[in-house]
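This report concerns only the one structure given below.
Please treat every number below as a calculation from the coordinates, not as lab data. These numbers were taken from a predicted model, which means no experiment stands behind them. A quick note on method: Cβ atoms are made from the backbone with ideal geometry, for glycine too, and the neighbour counts reach across all protein chains shown.
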Amino acid sequence: MNAAWRSFADELARWRDAGRAVEFWWRDDDAARPDPALARLLALAQKTATPLALAVIPTLAGKEIFEQLDGGVSVLQHGTDHRNRAALGEKKTEFPAAEPPAAALQRLATARERLAKLAGARFLPVLAPPWNRLKVSYLPQLAAAGFRGLSQYGARAAAQAAPGLAQVNTHVDLIDWHGTRGFAGEEAVLAAAVRHLVAKREGRAEAEEATGWLSHHAVHDEAVWTFLERLFETARTAPGVHWPRSGKLFHIS
């Protein structure tokens, strides 16, 4: 066991020794159509019995993608079409500053209706915005647009982003987007997980938020797949570690 895995195991042990359970969850983004990478992702989730929150792009998805999902997979809404609408100088976003809020919210509501019909009982009305970006001013209006949850990146400030809108974020991105665009590496990834766990344990982050792992199956290299297998095997056998289903985390039955 190298230093990164030892540090991770030591932090899990601190939670166990304190009589506290560690909650992890797994979100994978950018699902749209069946392909070998998605098939491999679903096979991994099934093999390791790890609940998966699959963020699906509503307007790009066809019914065939949902025929591959087993009972351990929940479907979240990944924006509407994953199109970058950012103006010059803005970071990538599907929801730019210049777009009228009513237009954006109508796009989201229409896409939610389509995805709900396609995904059926697997669908959770949870928005995972592309690039994890959404204007804060939209949050109070999402519940009226039919959403009950929001998932972005980074430690949440509170369990509810707005009245009627539960928030459960991801905290560990497996991809090095600003460098190789491959696996970020065991040291960086496990250190990010430990940081969030330590912050929760020490009261510097919202203690009840599950630590979220974020993957993007379409760009995985072999190192990512290898890491995920080891992570799931390690976490499955570690005392006091749980992987709740997404519906439980967002309080959606």
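Measure off 7 Å from each Cα along the Cα-to-Cβ vector at T237 and E187, then give the distance between these two points in nanometres to one decimal.
Here the answer is 2.6 nm between the modelled labels.
Between A223 and R83, what's the calculated FRET efficiency when r is the beta-carbon distance and R0 is 25 Å? Round to 0.05. Before the final figure, lay out the partial values.
Values: r = 30 Å, r/R0 = 1.18.
That gives a FRET efficiency of 0.25.
Quick one: which residues, 5 or more positions from G79 or on another chain, have an amide H under 5 Å from its amide H? H modelled 1.01 Å from N in the peptide plane, none for Pro or chain starts.
The answer is A128.
Scaled to the compact-protein estimate 2.2 N^0.38 Å, what is the alpha-carbon radius of gyration of the range 114-243, rounded to two decimal places? Don't skip to the end; give the middle numbers.
Numbers: Rg = 16.1 Å, N = 130, 2.2 N^0.38 = 14.0 Å.
Rounded to two decimals, the normalised Rg is 1.15.
Determine the sum of side-chain charges near V168: Lys and Arg each +1, Asp and Glu each -1, restricted to other residues whose C-beta is under 12 angstrom from that of V168.
Numbers: positive: R27, R148, R156, R245, K248; negative: E23, E206, E208, E209.
For residues surrounding V168, the net value is +1.
Sorted by packing (mean other beta-carbon atoms within 10 Å per residue), highest first, where do 4-12, 107-115 land?
Details: 4-12: 16.1, 107-115: 18.0.
Sorting 4-12, 107-115 by mean packing, highest first, produces 107-115, 4-12.
Using alpha-carbon positions, what is the distance between the centroids of the range 98-116 and the range 132-191, in Å?
Using only Cα atoms to place each centre, the spacing works out to 19 Å.
What is the sum of charges, Lys and Arg at +1 and Asp and Glu at -1, for the other residues whose Cβ falls under 12 Å from the Cβ of R195? Don't skip to the answer; put the middle values down first.
On the way: positive: K200, R201, R204; negative: E11, E202.
Spelling it out: positives minus negatives among the neighbours equals +1.
Would you compute, from DSSP H runs of 4+ residues alone, the mean residue ellipticity of the chain at 222 nm, taking -39500 (n - 2.57) per run and dividing by the full residue count, rounded to the nearest 500?
Details: 7 runs with 87 residues, N = 253.
Rounded to the nearest 500, it is -11000 deg cm²/dmol.
For a paramagnetic label modelled at 7 Å from the Cα of K63 toward its Cβ, which residues of the range 115-129 fall within the zone defined by backbone nitrogen distances under 13 Å?
Backbone N within reach: 117-120.
How do 130-136, 120-126 rank on mean C-beta neighbours within 10 Å, highest first? Please report the intermediate quantities before stating the final value.
On the way: 130-136: 16.7, 120-126: 18.3.
The peptides rank, most packed first, as 120-126, 130-136.
Output ³J(HN,Hα) for the range 57-68: one whole-Hz value per residue in order, computed from phi by the Karplus curve 6.51 cos²θ - 1.76 cosθ + 1.60 with θ = phi - 60°, and x for Gly and Pro.
7, x, 7, 9, 8, x, 5, 5, 5, 7, 6, 8
Please work out the Cα convex hull volume for the chain and give it in Å³ per residue. Intermediate values should be presented prior to the final figure.
Values: hull volume 32.4 nm³, N = 253.
So the per-residue Cα hull volume is 128 Å³.
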